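Each reported figure results from applying straightforward, stated rules to the coordinates on display, with no laboratory input. Because the structure is a prediction, the values reported are computed rather than measured. Cβ sites come from the backbone with ideal geometry, for glycine too, and all protein chains shown count toward neighbours.
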Amino acid sequence: MAAVRARARQCAIGAAVAAIGCSVLVPIPAQAAPPVLSQIRVEGSYLVDAQGRKVLLHGVNNVDKQAPYVEPGDGFTVTDQDAALLARHGFNTVRLGVSFAGLMPTRGVVDTAYLDRITSVVDTLAAQGIYTLLDNHQDGLSKIWGGNGFPEWSLRARPAAWEPNPGFPLYYLMPSMNRGWDEVWDNSNGVLDHLGTALAALAEKVKGRTGVLGIELMNEPWPGSAFHTCFPNGCPRFDTKYQAAMQKLTDAVRARNASIPVFWEPNVTWNETMPTNLGKNPPITSPGIVFAPHDYCIPSQLAIYLGLPEELRGVCPVQQDKTWGNIDSFTKRTGIPTLVTEFGDGDATVLRNTLTRADERFIGWQYWHYASSFGPGAPKPDPFLGDIGRDLVRT
């Protein structure tokens, strides 16, 4: 369809300049005006709009993990053209990665230019009727370990000279990284205080922008040295401590933007089918909280990242049934809404498993991953015209 539109434009221009014979084989329907976005809020176990209608969100992730972060035109961050492409395919949400290291590159000092770039992308997406979830993203805690997220100044832990670094995802087992995560959960060095200040500044910056779906406090949080207590049935003691950290960050955000929905992820052993204990001790009492789990299949991830045999993916339906059973248990216990904020990762079979289970429960999702199709140089092919796109693009 994009090629047809391009041909139509070419014909119109040619006709205006000279009598050039030209034909368009497919009629181009008029584009509907983008919807006017209303503030999304939490009502019971659903996300609803200003008219109280239940909202079903389907979209993608756009997470730039490298400085300078969220730089429209860099070939990665979504642009006006990307927003139009996403809207044309029917998507109505983007999970936009935001970095703590970008928000506060120097201790105690928020980078206002970075906030401006974030809001520029939010406005670009909103103009096409697309809601933005602002995702405080980390992988591997910090650049210190070859990851991203937390600024180096915020942590004291450092790898030992003898300590091998196996890279993603196995670097989470490094003793030094676990010490770094312990600093986060213990608020050593004031790291959670500074993160709260940074997220509060972000919340204040987007106040009044109806295109902002909410703020996700932390992507894939790792339990640190307590990780071994999470197997095989979850880690209630750590989750109590983790919930207190999420509440601390929620309070910081709400002090500057009282109405913004706040998204809580379970600790990342969830991806290994461990259940979450969030909301058990104590219950979740703050209004406007949304559950933000991921749905990945570990055998598929091992095949993608470690080169293990693809035949392992045959057990994915069993693992994903376990994950969705954990979602059902959480929803029944807490009564708060769920949005699956990552899934797929290029594995079409895993993707279909997620879509089927989400549809059965009227739960929205954000596919991993989409990078700009309109960066420097010639535009890339439309990524939603392949097999995965045919599953994702739906009413």
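Quick rundown of the values:
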read-out: Cα-based radius of gyration of the stretch 184-247 once divided by 2.2 N^0.38 Å, which approximates compact folds; value: 1.36
read-out: For Cys316, Cys235, order by how many other beta-carbon atoms lie within 10 Å, fewest first; value: Cys316, Cys235
read-out: Listed residues Leu141, Leu125, Leu85, most fluctuating in the chain (Gaussian network, C-alpha, under 10 Å); value: Leu85
read-out: Cross-link pairs Lys207/Lys332; Lys143/Lys380; Lys65/Lys205; Lys205/Lys241 - those with Cα-Cα distance over 24 Å; value: Lys207/Lys332; Lys143/Lys380; Lys205/Lys241
read-out: Neighbourhood net charge (13 Å Cβ-Cβ; Lys/Arg +1, Asp/Glu -1) for Gly214; value: +2
read-out: Scattering profile of the chain at q = 0.06, 0.07, 0.08, 0.15 Å⁻¹ [log10 I(q)/I(0), Debye over alpha-carbon scatterers]; value: -0.24, -0.33, -0.43, -1.52
read-out: Theoretical ellipticity at 222 nm over the chain - DSSP helices of four or more residues, -39500 (n - 2.57) apiece, nearest 500; value: -11000 deg cm²/dmol
read-out: Pair-distance profile P(r), taking every C-alpha pair of the stretch 168-213, with 10 angstrom steps and integer %; value: 24, 30, 27, 18, 1
